[in-house]
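No value in this document is a laboratory result; all are computed from the given coordinates. Being a predicted model, the structure only gives us computed values, none of them experimental. Here the Cβ is made from the backbone with ideal geometry for all residues, glycine too, and neighbour counts use every protein chain on show.
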There are 2 protein chains.
Amino acid sequence: MASGESPRTATLTDVARLAGVSIATASKAINGRAQVRAETRTRVLEAAEQLSFAPNAVARGLLQGRTGTVGLLTSDLEGRFSIPVLMGAEDAFGAGQVSVFLCDARGDAIREQHHIRALLSRRVEGLIVVGSRTDPRPPLTGDLPVPVVYAYAPSENPADISITADNVSAGGLAIDHLLACGRRRIAHVTGDASYAAAQDRARGAERAMKEAGMELVGGRTFFGSWSEGWGRGVASMILDQYPDVDGFFCGSDQIARGVLDSLRESGKDVPRAISVIGFDDWQVLTTNTRPQLTSVDMNLEQVGRLAARRLFEAIEGKAAGGIEELPCRIVTRESSVPVP
Amino acid sequence: MASGESPRTATLTDVARLAGVSIATASKAINGRAQVRAETRTRVLEAAEQLSFAPNAVARGLLQGRTGTVGLLTSDLEGRFSIPVLMGAEDAFGAGQVSVFLCDARGDAIREQHHIRALLSRRVEGLIVVGSRTDPRPPLTGDLPVPVVYAYAPSENPADISITADNVSAGGLAIDHLLACGRRRIAHVTGDASYAAAQDRARGAERAMKEAGMELVGGRTFFGSWSEGWGRGVASMILDQYPDVDGFFCGSDQIARGVLDSLRESGKDVPRAISVIGFDDWQVLTTNTRPQLTSVDMNLEQVGRLAARRLFEAIEGKAAGGIEELPCRIVTRESSVPVP
DNA sequence: CTGAAAGCGCTTACAG
DNA sequence: CTGAAAGCGCTTACAG
């Protein structure tokens, strides 16, 4: 059980010798090729079993010119957006017999280059680049011998294959949900205006209001920062200036938590008087607030899974450049229950 | 820039041909071996440059019997404990020219087996098994041909190499910190009693109190669940039953957040009247509470880094079984500022 | 049905 | 200093 001395990993030659056949025959027997007598096959399989032979995928790959590996290049492993994407991709590949090299560039271009070189020398068959913001990023440089798929953070080059979440539509979904709850005086408070995600959600929200023949409280989106503090502050300000506000669409769950805390302290009843919806569906926040928080889920695992699928296709030559935006969905909780 | 048609990756043969030398000489030139004329070396290097030749690490590995890869086996990628450990390990390996295969077993033993088989067939030189709880886990079965290091979740087999955080000492650290803040009536509220982490921290806390000649409020640790709700509830109960309580050591930041909310609603002044310390140093919680939360950091990246180092050593035959527990540290914030 | 041979891309003694 | 040869572990035509 302890990692004792290793008696040299068995090779196909060992198996062949033990079974008394050539290594060619041993290979065929083990790989289920047709042209092997049943009795011979059994003998080989038993020998393999006895030596706990595991075929060397490295050697096999060298011969076949394919390694069955891909590289997953992330810019930050702690990001709560990267991780789910990464999980989805890992899951999709794992099921398809592909092994995944993980590289964290830590947001550093030099380190990214270094990792790419290493991955290429290991002959990965493709790369997935996972980013932590939806703002388009510069594509990998130096035209690579393998296909690349950009996940969550799309490439600036529209000819590249990019998969991300549809934040514009998501903004509309959130507003539609609040409207469906009977709300009419809706405020949109969100994070840093320099984020494409913030802009996109706001655009979708504003459009949805317009289509409903209304406009957002204050006639605009309130940009700020992705923090509870901002949520608290802006909520109390809005409550003050627009006392008839009856819905808050928040650009993140953190902001929403701040908003909820603020409403609570102002004695406002959520969801009876005011509905609140967050964004990201981050469990630690959504299920611990009072009341629990309705939120928009970006389905990031799906983004990762689709990225894996697209990479597969690109590897097989069925590439199709362009950006795909996956739909988000609302996860309903107590903070937006329609109240008669 | 777009991944156009790949003109077949250049091989050493191509480089040799272009430079007009044998592949043996090309190999030596590229690898900086001494026995090559300077002029020849330049010619080879230029040819390599021109063809953007990248040596095939797979072929090289096959020859040398080492692949320069390791497997990182995690049980859950979403875990906020696994990720930092994983980051640390990835970082340590990346610096050492080792590439890392990532596998998420999703807590499923079957899937774990499947991944191990795949990794072994790819001839990884070692494995790091990352768990999400500090409870000892069953060791990998079927004696493996490569060394294994267990990170965060130690192996049940004391002969295996395990690295984890020293939760017992951490419990003592937290108490000592509260004592240093002048607190005497300290309560310890923590999570699920079935977790080794909860038990260990409680043990350390109780011992530290005893050594200071005191005992915890209520004469015991309050076990419950790892949630804000539990923190809120137990805090208000304690406040009720032991109104002289002046310090809370919480087994997690989530619990601490609940405690803080409860104290706040009861009109208690933190840190003036009561000091609070959490556990995990989870930014999203510690920096958004009012006041900001002092917490215990388990240095998980260090755990990952050390695990990588130990695996390195084990691969080189310098193995040393046993469990190593790394010290934790207090990150001081406003919730425990000593007040005169 | 079985096996000798060639070869994947590379490195390393060993002659010249 | 340079190159022919052997070989890492495997698979795949091609003979027998």
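Some notes on this structure:
- Integer Hz, Karplus 6.51/-1.76/1.60 couplings in order for segment B:165-179, x for Gly and Pro: 9, 8, 6, 5, 4, 4, x, x, 4, 4, 4, 4, 5, 5, 4
- Estimated translational D of segment B:167-298 in µm²/s (Stokes, Kirkwood radius over Cα pairs; 4 °C; 1.567 mPa s): 93 µm²/s
- Put in order of Cβ neighbour count within 10 Å, fewest first, the listed residues A:V85, B:V58 become B:V58, A:V85.
- Average beta carbon contacts from partner chains per residue of B:284-292, 10 Å cutoff: 3
- Cα point-scatterer Debye curve for chain A, base-10 log of I(q)/I(0) at q = 0.08 Å⁻¹: -0.53
- Each of the peptides B:300-313, B:35-48 was scored by the mean count of other Cβ atoms within 10 Å over its residues; in descending order, highest first, they stand as B:300-313, B:35-48.
- Segment A:225-327 - Kirkwood radius from inverse mean 1/r over Cα pairs (Å): 15.4 Å
- Other-chain or far-sequence residues with amide H under 5 Å of B:S162's (modelled H): B:Y150, B:G322, B:I323, B:E324
- Relative to the longest principal axis of the Cα atoms of chain A, the long axis of helix A:109-121 lies at roughly 30 degrees.
- 10 Å binning of all Cα-Cα separations within segment B:105-220, expressed as whole percents from 0 upward: 13, 34, 22, 17, 11, 3
- Whole-angstrom Cα spans of segment B:12-55 along principal axes, big to small: 23, 17, 15
- As an equivalent ellipsoid, segment A:1-136 spans semi-axes of 40, 16, 14 angstrom, where each value is the square root of five times an eigenvalue of the C-alpha gyration tensor, largest first.
- Each listed q (0.14, 0.17 Å⁻¹) maps to a log10 I(q)/I(0) for segment A:61-161 from the Debye sum over equal C-alpha point scatterers, namely -0.49, -0.74.
- Put simply, the amide H of B:V276, placed in the peptide plane, has neighbours under 5 Å in B:F248, B:S336, leaving out anything fewer than 5 places away on its chain.
- Ellipticity at 222 nm from helices only: DSSP H runs of n ≥ 4 in the protein assembly as shown, each -39500 (n - 2.57), divided by the residue count, give -13000 deg cm²/dmol.
- Take A:Q283, push a point 7 Å out from Cα through the beta-carbon direction, and compare it with the same point in every other copy: 2.1 nm, smallest first.
- Each Lys or Arg adds one and each Asp or Glu subtracts one; over the other residues with Cβ under 12 Å from the Cβ of B:Q199, this totals -1.
- In terms of surrounding Cβ atoms within a 10 Å radius of their Cβ, B:T69, A:T141 rank from fewest to most as A:T141, B:T69.
- Helix axis angle, A:82-95 relative to chain A longest principal axis, alpha carbon, degrees: 30 degrees
- Set of aspartates and glutamates with alpha-carbon distance to B:K268 below 20 Å, sequence-local pairs under 8 removed: A:D261, A:E265, B:E228, B:D240, B:D244, B:D246, B:D253, B:E334
- What separates the A:Q50 label point from its copies, with the point 7 Å along Cα to Cβ, is 5.6 nm, written shortest first.
- The ranking of B:M214, A:M87 by Cβ neighbour count inside 10 Å, starting from the fewest, reads B:M214, A:M87.
- Peptide B:143-153, shielding by other chains (average Cβ, 10 Å cutoff): 2
- With θ taken as phi - 60° and the Karplus curve 6.51 cos²θ - 1.76 cosθ + 1.60 applied, the whole-hertz 3J(HN,Hα) list for segment A:295-312 is 8, 9, 9, 7, 6, 5, 5, 5, 4, x, 5, 5, 4, 4, 4, 4, 5, 3 Hz, x standing for glycine and proline.
- Angle between chain A longest axis and helix A:228-241 axis [Cα atoms, degrees, rounded to 10]: 30 degrees
- Column: log10 I(q)/I(0), Debye, Cα scatterers of the protein assembly as shown, q = 0.05, 0.06 Å⁻¹: -0.30, -0.43
- Averaging Cα coordinates gives a centre for segment B:64-109 and one for segment A:24-40; these two points are 36 Å apart.
- Interchain or long-range residues, amide H under 5 Å from A:V130's placed H: A:L73, A:T74, A:S75, A:A151
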